[in-house]
Amino acid sequence: MNSLDWAVLIGYFGVMVAIGVWSHKRVDNVSDFFTAGGKMPWWLSGISHHMSGYSAVMFTGYAGIAYTYGVTSFVTWSFPIALGIAIGAKLFAPRINRLRSRLHVASPLEYLKNRYNLKTQQALAWSGMLLKIVDVGAKWAAIATLLSVFTGISLNQGILITGVITGIYCTIGGLWADALTELGQFVIQLLAGVAMFIAVVAKLGDYGGFFGVWDEPALQGHGKPLVGPYGTVFLLAFLFIKLFEYNGGMLNQAQRYMATANAKEATRSARLSAILWLVWPVVLFFPMWMSPLLVDAQKPDGSDSYALMTEQLLPHGLLGLVIVGFFSHTMAMCSSDANAIAAVFTRDVAPVISKAARGWNDRAGLLAARLTTVAFLGLSMAVATQVNSPTFKDIITVVIKWVAGLMGPIAIPMMLGLLKTFRRSGPTAALTSWAMGLLAFWLVNFPISWNVEGGVPLQYQVSIPLAVSLVLYIVIGFVKPEDTPERDALLAKINGDDEGPDAAAAAVPAPAQSQDAKVVGREG
């Protein structure tokens, strides 16, 4: 990097902070901070939903998969996400929006107290928060890895720089700041991605051109959709995982649906995000598929291949823009995760563990939300320094094995609990499926893996915990149905058509926060 690249990077950081300061004026209460008061346009929500699903892992871990295996990086990652979001556009997006518009909640998990019980809500809240700390830690490590390639600064210094900048704007402006910065980041990464695509295509004339390049020995097998550990079982498992994760199971995407004005707008938002996930990653991945022709990766997993290719092909200025694109993805995802976890802690956890939290007014609740955001970012940055330790091994191991493997047991009770089809599944089904799914993850990754030559294959490490949770949630619902009139009434509000008779009933104002707090206190 030279002074021009640094100017682009510093200018980007300055704009992000300025957006956060401007967004501060739009945040008057907790609802504004966590769900934008239900006033976010569907197109902004859709772009924000799309951007909050990316991070620098795309340019490190998945760049390594693309370098080693080729097209399977798209087929087994962004394609399942696009398909999962498209399915969720009708199945989950409108129902999640009704959590805010009809139940008047500010956290995706608030409804679980009435859908199941307080114990279930707390189990999912605590495990979800802990998993997100690890997940975001991997994202900080990924962007710090890229920053070290370009600037030579240490990983810990890179983690600190990106974490502090992100913390400033998302703590000040809440979800509005997240969404507006993500819009700016989308434009930046659009320019950066197209620049890199053109630069790589321009080099392909030496290798037979755009279509002939696939015959090159370095790209043998790179055109196959399913190769190596990324086979059919992995693809199907990932499709189910991403169906739950990217429609709200990991919390931050659920907030984008909640932030729109109504269920119809949430559906449009999801469809836009699905289209972007289907089209845009092809532009980003193509240079990565070509990378074996252009660079020799220095890391065994090829995770530095995209960064090396960027240095080699782009002039200064554009190099800075692409680096900004790396930051934009990571900061978008991490800031949205921080906001989601702050919502879960201040709305779902704090009122249970603290009597004072049950009486918070708007000002106190907003202060708690901002302090929680800072605390979450700090913890995730601490985890980031340990990502390459023997426990986690590397960035892509954290993202695929730990996060994807553990997400299913947490997301299944939350997501399927929205649907009338599973109304018979109550607290017993939810808690059992959650606990046994976590146990299955531990068994396939440790005791069983130790006794299998080469360890349990990755596709089973990811799929078995999800399968165990899904089967138990459904089966226990039939064996021990726990549907009650109160739970059926709640599901009627979530599932009722917006123009139907349920819409009028849903318009009844929600009880004040202090009344909710009293109920929590009694149940606790």
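Only one of the numbered conditions (1) at pLDDT 80 or above; (2) surrounded by 15 or more Cβ atoms within 10 Å (Cβ to Cβ); (3) farther than 30 Å from F92 by Cβ is violated by I165, and that is (1). Of all the listed residues (A237, A261), the sole one being closer than 30 Å to I494 by Cα, surrounded by 22 or more Cβ atoms within 10 Å (Cβ to Cβ) and not polar (S, T, N, Q) is A237. Per the conditions (1) closer than 27 Å to S127 by Cα; (2) in contact with a helix residue (DSSP H, G or I) (Cβ under 6 Å, 6 or more places away or on another chain); (3) crowded, with 22+ Cβ neighbours inside 10 Å; (4) not small (G, A, S), the sole criterion not satisfied by L284 is (1).
Within the range 410-464, the set of residues being in contact with a Ser or Thr (Cβ under 8 Å, 6 or more places away or on another chain), modelled with pLDDT under 90 and not in a helix (DSSP H, G or I) comprises G455, V456. When L124, L130 are screened for being out of contact with any helix residue (DSSP H, G or I) (no Cβ under 7 Å at 6 or more places or on another chain), on the phi < 0 side of the Ramachandran plot and either modelled with pLDDT of 75 or more or not hydrophobic (A, V, I, L, M, F, W, C) (or both), only L130 passes.
Counting only residues that are among the basic types (K, R) and crowded, with 22+ Cβ neighbours inside 10 Å, the range 114-138 holds 2 of them. Can you confirm whether the range 139-148 contains a residue that is surrounded by fewer than 24 Cβ atoms within 10 Å (Cβ to Cβ) and modelled with pLDDT under 80? For the range 139-148, residues surrounded by fewer than 24 Cβ atoms within 10 Å (Cβ to Cβ) and modelled with pLDDT under 80: present. Taking every residue in the range 467-487 that is under 14 Å from Y116 (Cα atoms) and in contact (Cβ under 8 Å) with a residue 60 or more places away in the chain and pairing it with any residue that is surrounded by 14 or more Cβ atoms within 10 Å (Cβ to Cβ) and aliphatic (A, V, I, L, M), at least 6 positions away or on another chain, the pairs with Cβ-Cβ distances below 8 Å are Y473/I412; Y473/L416; Y473/A429; Y473/A430. Filtered by the rule that a residue be out of contact with any Phe, Trp or Tyr (no Cβ under 6 Å at 6 or more places or on another chain) and either farther than 23 Å from A138 by Cα or hydrophobic (A, V, I, L, M, F, W, C) (or both), the range 427-439 gives T428, L431, T432, W434, A435, M436, L438, L439. May I ask you to verify whether A274 is modelled with pLDDT of 85 or more and either charged (D, E, K, R) or crowded, with 16+ Cβ neighbours inside 10 Å (or both)? Yes, satisfied. Just one of the numbered conditions (1) surrounded by 24 or more Cβ atoms within 10 Å (Cβ to Cβ); (2) assigned to a helix (DSSP H, G or I) is not true of E311: (1).
Scanning the range 75-90 for residues that are of a type in the set (F, W, Y) and at pLDDT below 90 yields one hit, W77. In the set K113, K139, K132, only one residue is within 30 Å of A261 (Cα to Cα) and under 18 Å from the mean Cα position of the chain (by Cα); that residue is K132.
Selection of helices (runs of 4 or more DSSP H) fully inside the range 186-277 by the criterion of at least 3 residues being within 16 Å of S291 (Cα to Cα) and free of Cβ contacts under 8 Å to residues at least 40 places away in the same chain returns 209-212.
Using the structure shown, decide if I474 is within 15 Å of G426 (Cβ to Cβ), at pLDDT 75 or above and in a helix (DSSP H, G or I). So I474 fits the description; yes.
Scanning the range 91-99 for any residue that is surrounded by fewer than 24 Cβ atoms within 10 Å (Cβ to Cβ) and modelled with pLDDT of 85 or more turns up at least one such residue.
Conditions tested, residue by residue: (1) modelled with pLDDT under 75; (2) part of a helix (DSSP H, G or I); (3) acidic (D, E).
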position: D32; (1), (2), (3): yes, yes, yes
position: G37; (1), (2), (3): yes, yes, no
position: M40; (1), (2), (3): no, no, no
position: S48; (1), (2), (3): no, yes, no
position: Y54; (1), (2), (3): yes, no, no
position: M58; (1), (2), (3): no, yes, no
position: A63; (1), (2), (3): no, yes, no
position: Y67; (1), (2), (3): no, yes, no
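The values are calculated or read from the model by the stated rules, or taken from the named source; none is laboratory data. On a predicted model such as this, the values are computed, not experimentally measured, just so you know. Don't worry about glycine lacking a Cβ; one is built from the backbone with ideal geometry, like all the others, and counts go over all protein chains shown.
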